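Everything below concerns the one structure shown next.
The values are calculated or read from the model by the stated rules, or taken from the named source; none is laboratory data. Predicted model, so just to flag it, every value in this text is computed and none were measured. Positions of Cβ are backbone-derived with ideal geometry, glycine not excepted, and every protein chain shown enters the neighbour counts. Remember, those area values only see protein heavy atoms, side chains included, never the ligands or the DNA or RNA. Shrake-Rupley method; radii C 1.70, N 1.55, O 1.52, S 1.80 Å.
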Amino acid sequence: MKRYFLTFAIILLVSLLTSPIYAQLWPDQTLPSWQGDNNGPVGVFDYDNDGDLDVWLMYGPLLGSINHLPNLWGEYQEGVQDIAFAQDGDWIDFDQDGDIDFVFYGTMINEGRLAWLEYLGDGQFDAHLIQEFTEGYTSGRSAAGDIDGDGDIDIVTNFDLNGGSQGFSTWYQQPDGSFVGVLTNNSMAGFPQSDLGDLNCDGLLDFVTPSLGALDVYFAQLDQTWDMIHIDVTDLQSNSYSEPKLGDFDQDGDLDIAVFQNFIDDYPDDWPATVSWYENSGVGDFTEHVIYQQDYGTDWVIAILDADSDGDTDLAVRHLLLLNQGDNVTFDSLTYTDISIPFIDQLIAADIDNDGDTDLLDEEVRWFVNPTNDPPQFIIRLVPRQTTVPSAGGEVVFDGMVYNQFPQPLEGHVWADVTGPNGTTARVWHRLMTFPNGEWLTWPDLGLTVPGNLIDGEYRLTVRGGAAGYGFVPGDSLRFVKEGVGR
C-alpha cells in the first residue's frame, strides 16, 4: 500500500495560531426545494424531529429541504398543488395536536382560497379548504393565531370577505371547526400586515400594517372587533413599506416594531429609504427610532436577529446587516451579500446549521451562513492508525479527511502542525488544494516521520484548513507518543 510521508523537522518553530477571520460576505447556497421563479412562503421547523431545522417552501407543491448537515441536504415533495398557489401563510400547530401545519392564502386561476395543510405524520399532509373567494388577490396576506382568546386558531387577512380590496377580514374558528368571517372596512387592504403578537400586554393577539404616512396598530378585542391607533411617521404625502416585523428589540419584555419605509417624495427621482424601530412603552404606545437612511431603496424586507451573537438586537435589511452597538440607537451597516436581490418578500432568521448563531434565508430558499460561531464550512477528520513511535524514531500513520459542505468546489489551504512537550509548534505541512463539493476528500495512510533525536514525550498533530472568503476552520488533532512516556 502506497504511503505518503511528511518530514518532521528537527528544529521546532514557534508559531502563533490565529483566531478565525472572516470576510464580510456570508457564504450562501440555494437549497434543494428551490423551484426557479415559483416563489412562495418559506418556513423553518424540525420536520423529522432530529434536533435540527428543516426548510420548507409552499408554492404549488409543498417542497422540503431536509437538513442532514454536515452531509448533503435531502429533498421531500408533497403533491398538494391542486389546492392553491400560496401567496402567504403561517407554519403553526393549527389543529393543536403537537406538530406543525401550514395555514395559507393562495390563488387558483381567477379565485382566491384560504386553506390549511394538516400534517398527518410520516411525511403525509391533508388539505382543508377554509374559504373560497370570488376574487383572486395576488397581494393577499394572512396571519394565524388565537386572536379572540378562546383557545383555537383564527386568521386575519388583508382583503375583504370576497377576496377584494374593500377592507380586511378576520376569520374566527368556531367550536365545530368551521369559520365565520368578519369585515373591517378601512384602507388597509393590500398592505402587508405583520405577524400576530400581543402588543399591549392584554393577552390577545394584535398586528401592525402600514398605511399612507402612518403605521396602523390593530388591538384585538374580546368581542371580535379591533381598536386601531395611527403612528404618524412622516409628513410626506405617500410612502410604501415592507412587512412590519415584531420583536422585543430593547429586551424589556414587550414587543416592538421594526419596519422599512420608502418615502416616494418625487417619484421616480427621489426614493429616500429609512429603517426604523418603534419602541413599545408596554401598553401599546410607540416611539420611533430611525437607525438607517439612504437616498434610494424600495421594498426592503426586514429580519430581526442577533447577527453577531453579542446579546443585543440587530436587523437584516435586504443585503445589509445593521449591527446594534449596544444602545439600540447607534448601528453600523455591513454588507453580508453581494448577490443582486432587487425585490424580495421574505427574509427569515434561524440557526439552520445548529451552531449557535443566526443564519438567514430568503424567498429563493437561499441560505446565508452566519460565520460568527465558526460554522464547519469544512469538516476535517484525522483517523489514527499508528500512534506510538519507538525512542529511536519511527512513523505516525493516520488517514486525513476533509468535507466541503458548500455546493461548489473551493480552492484553499490545509495546514498541519505538531505541538511538542514544551508547547513549541512545528509546521510540517502546508498545501494548496481544491476541495470537491458535497463529498469527503480522503488521504489514506498518511505518514509522519519522527526522528530519533527528538526528545521522548507526548505530541499532538493538528490539521486545520480554510478557503478564500471563508476564513479558517477548526480542524482535528490526534495524540502520538514517542516512547518514554506512558500511553
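Which of the residues spanning the range 327-342 are modelled with pLDDT of 85 or more, part of a loop (DSSP other than H, G, I, E, B) and open to solvent by 30 Å² or more (accessible area, probe 1.4 Å)? Show your work before the answer.
Taking the range 327-342 first, the residues modelled with pLDDT of 85 or more are 327-336.
From what is left, the residues that are part of a loop (DSSP other than H, G, I, E, B) are 327-330, 336.
327, 328, 329, 330, listed by residue number.
What's the number of the condition residue 168 fails, among (1) under 30 Å from residue 277 (Cα atoms); (2) modelled with pLDDT under 90; (3) under 29 Å from the mean Cα position of the chain (by Cα)?
Of the numbered conditions (1) under 30 Å from residue 277 (Cα atoms); (2) modelled with pLDDT under 90; (3) under 29 Å from the mean Cα position of the chain (by Cα), the odd one out for residue 168 is (3).
What number of residues within the range 274-287 are at pLDDT 90 or above, more than 25 Å from the chain's Cα centre (by Cα) and either crowded, with 18+ Cβ neighbours inside 10 Å or part of a strand (DSSP E or B) (or both)? Explain how you work it out, then say what you get.
Kept after step one, since they are at pLDDT 90 or above, are these residues of the range 274-287: 277-281, 286-287.
Next, from what is left, pick out any that are more than 25 Å from the chain's Cα centre (by Cα): 280-281, 286-287.
Then drop every residue that is not either crowded, with 18+ Cβ neighbours inside 10 Å or part of a strand (DSSP E or B) (or both), which leaves 280, 286-287.
Of the residues in that region, 3 qualify.
Need at least 2 residues that are open to solvent by 10 Å² or more (accessible area, probe 1.4 Å) per element, so show me which strands (runs of 3 or more DSSP E) inside the range 38-157 make the cut, counting only ones lying wholly within it. Give the steps one after another, and end with the answer.
Values: elements: 42-45, 54-58, 62-66, 74-78, 85-92, 101-108, 111-121, 124-133, 142-145, 154-157.
It comes to 42-45, 74-78, 85-92, 101-108, 111-121, 124-133.
Being without any contact (Cβ under 8 Å) to a residue 40 or more places away in the chain and under 24 Å from the mean Cα position of the chain (by Cα) narrows it down to one residue among 99, 90, 154; which is it?
Numbers: 90 fails: without any contact (Cβ under 8 Å) to a residue 40 or more places away in the chain; 154 fails: under 24 Å from the mean Cα position of the chain (by Cα).
Answer to the check: 99.
Report, by residue number, each residue of the range 343-366 that is in contact with an Asp or Glu (Cβ under 6 Å, 6 or more places away or on another chain), acidic (Asp, Glu) and open to solvent by less than 40 Å² (accessible area, probe 1.4 Å).
363
Can you list residue pairs whose Cβ atoms sit under 8 Å apart, with the first residue in the range 60-78 being in contact (Cβ under 8 Å) with a residue 24 or more places away in the chain and the second being open to solvent by 30 Å² or more (accessible area, probe 1.4 Å) and of a type in the set (Asp, Glu)? Count only pairs 6 or more apart in sequence or on different chains.
So the pair list comes out as 63/75; 64/75; 65/75; 67/50.
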